[in-house]
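Beneath this line is the structure, given in structure tokens, with notes to follow.
Please treat every number below as a calculation from the coordinates, not as lab data. If you're wondering where the values come from, they're calculated on a predicted model, not measured in any experiment. Neighbour counts are summed over all protein chains in view; Cβ atoms, including those assigned to glycine, are modelled from backbone coordinates with ideal geometry.
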Amino acid sequence: MALNEKHFVRVAVSGMARDARENPVVLLKSSEGEEVLPIWIGHAEGLAIELTMKGEKFERPLTHDLLKTAIEGLGAVLSKVAITELRNNTFFAKLYLQRDQELIVVDARPSDSVALALKCDAPIFVARDVFASHKRSLDQGSAPGIDADDELRRYLKDLDPGDF
């Protein structure tokens with residue numbers, strides 16, 4: 001069940017935002033352009049992603065640290081994560097674990113997948129059709145001096161998650 005990367009867009013976490021209700025939104029930016037895919041996530045996962053992006057370390061392992069340690073303890077590595085589909089307003093993802101010649105694919109939530117990918121320095125992919133149908137443009141031609149990420153964050157502040 002290998003990932004056919006030509007059917008996927010490689011993305012990176014460009015940042016976090018909050019919507020009008022203060023729900024966290026992870027922003028996944030395409031490596032192919034200026035579009036992002038916003039994904040609403042839980043508060044705990046949002047905090048985990050924000051802390052990892054800031055490089056903060058803790059004396060005791062947090063949940064995603066624990067999972068990383070368990071994967072490594074089993075002799076595997078997280079080779080990539082993929083957000084594979086959107087069904088009934090819910091994104092689905094898979095973890096791709098490599099142990100020797102064995103590929104292990106695990107169903108996971110996108111929020112946990114992204115947090116774990118950041119912890120493990122693993123690439124993140126999104127199915128092209130999912131990205132294409134739910135992306136938002138970062139218009140670099142906006143008002144001078146306004147960062148495109150800031151413009152998207154303002155847009156998300158006024159957006160209701162039910163609009164998706």
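Per-residue counts of other Cβ atoms within 10 Å, averaged by peptide: what ranking do you get for 58-71, 33-46, highest first? List each step's numbers first, then the result.
Values: 58-71: 14.0, 33-46: 18.5.
By packing density, highest mean first, the sequence is 33-46, 58-71.
If R0 is taken as 25 Å, the Cβ-Cβ distance between residue 133 and residue 106 corresponds to a FRET efficiency of 0.50.
Once the Cα-Cα distance is subtracted from the 0.36 nm per residue extended length, the residue 43 to residue 21 segment shows a gain of 6.7 nm.
Which entries of 6/57; 29/80; 94/119 have Cα-Cα distances beyond 25 Å here?
Values: 6/57 35 Å; 29/80 16 Å; 94/119 16 Å.
Over 25 Å apart, Cα to Cα: 6/57.
With label points built 7 Å along Cα→Cβ from the Cα atoms of residue 53 and residue 32, find their separation and express it in nm. Modelled inter-label distance: 2.3 nm.
Mean separation of Cα pairs under 8 Å and 6+ residues apart, divided by the residue count of the range 1-133: what relative contact order is that in percent?
Numbers: 228 pairs, mean separation 33.7, N = 133.
It comes to 25 percent, rounded to a whole number.
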